[in-house]
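The values are calculated or read from the model by the stated rules, or taken from the named source; none is laboratory data. It should be emphasised that the depicted structure is a prediction, and the values quoted were computed from it without experimental measurement. Reconstructed Cβ throughout: ideal geometry from the backbone, glycine too, with neighbour counts over all protein chains shown.
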Ligand SMILES: [Zn+2]
């Protein structure tokens, strides 16, 4: 299990190529330590701007 900073909740590992689990980041929930991660790739800021202006 890891704490997903994109969804703000704990996930089981999904083993997708976009999933990132930080080796150096941790998050405590109810005194339990979880690795921090992201279940999907975060869009590049440049791409985000394009989609906003398009
Ligand atoms: Zn997630």
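General remarks:
- Qualifying positions in the stretch 30-54 - within 16 Å of the ligand (Cβ to nearest atom) and at pLDDT below 90: 40, 41, 42, 43
- Qualifying residues in the stretch 1-21 (those that are closer than 13 Å to residue 41 by Cβ and over 10 Å from the mean Cα position of the chain (by Cα)) - the one surrounded by the most Cβ atoms within 10 Å (Cβ to Cβ): 14
- Test: residue 14 is at pLDDT below 90 and within 9 Å of the ligand (Cβ to nearest atom): yes
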